[in-house]
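Here the structure is laid out as structure tokens; the discussion comes afterwards.
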Amino acid sequence: MKAHDTARKRAARSRVLEPLVQESTPAIIARQLRAAIAGGDFAPGSQLTESGLAADLGVSRGPLREAMQRLTQEGLLVSYRNRGLFVITMDDDDIRDMYVARTAIERAALEQVILRSPDEAVDVLGGCVEEMERYADEPNGPQIADADMGFHHALVELAGSPRLSRLHETILVETRMCLGAMRGTYASSEERIGEHRRLVEAIAVRDIKAADEIMIDHMRDGLRRIIAEPGAVSQFAGAAMAPSSNVPINRPAADSKRTGPKT
């Protein structure tokens, strides 16, 4: 009887810690290379050599080559025959295209967040806004820029979609590569923080339409600040997505028995 009770208690115990996910060596190297490209350690157009990187990282060329191939497939590196691998450079057309993709990903993530876990999102994203407010004295500084990117990373992660997260990871690296062009464009921290705060407020009241419109405006503003031309916003013309009862919801396992979003 005691053994039966113990087994029942174990079965009823909720998970406290998440299972460890062991990354392969190429995956770890790829993540470090992405961070270095995003942070400007490898400037756009710079060449990456296997011998130099292998020495820096203390790894053999096999896993390094595999990691570099991943980044080539993601579009962060480009291979030129008989010359080697180089970090991509981005012109205005590339940046517009990147923002088209980023806007689509973050709009989709935002809708999923409101449909599946708005309360958790308010807590997490509200914390990201508070992190931005810590650096309000320097609206164009690197710390507030990092907090800004942290908000968008958290938003997509909260959607619970591995595919959106995978696509967004590359997009954020490209975005970080462009952040230098934004330096000096914010006259006050409220310009930068305000739209993020309004997104959290729209999530809190579960207003998909309002949140979507705020996101579109936010992306238009970001693109305009980077390439600084009047026609920059035209890539995102069109109506905002309206809430739909038949939108597929990527629900957490514990939520699988619910028939609709919480109201």
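The values are calculated or read from the model by the stated rules, or taken from the named source; none is laboratory data. What you are looking at is a predicted structure, and each value in this text was computed from that prediction instead of being measured. Here Cβ is always computed from backbone atoms with ideal geometry, including for glycine, and neighbour counts include all displayed protein chains. For accessibility, only protein heavy atoms count, side chains too; no ligands or nucleic acids. Shrake-Rupley method; radii C 1.70, N 1.55, O 1.52, S 1.80 Å.
Quick rundown of the values:
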item: Efficiency of FRET between Ala154 and Val100 - r from beta-carbon atoms, R0 22 angstrom, step 0.05; result: 0.50
item: Calculated from backbone phi, Karplus (6.51, -1.76, 1.60) coupling profile of region 31-41 in Hz, x at Gly/Pro; result: 5, 5, 5, 4, 4, 5, 5, 4, x, x, 5
item: Area accessible to solvent at Met177, 1.4 Å probe radius, in Å²; result: 40 Å²
item: Accessible area of region 109-151 belonging to carbon and sulfur atoms, whole % at 1.4 Å probe; result: 43 percent
item: Amide H partners (placed H, <5 Å) of Leu48, local residues excluded; result: Leu85, Phe86, Val87
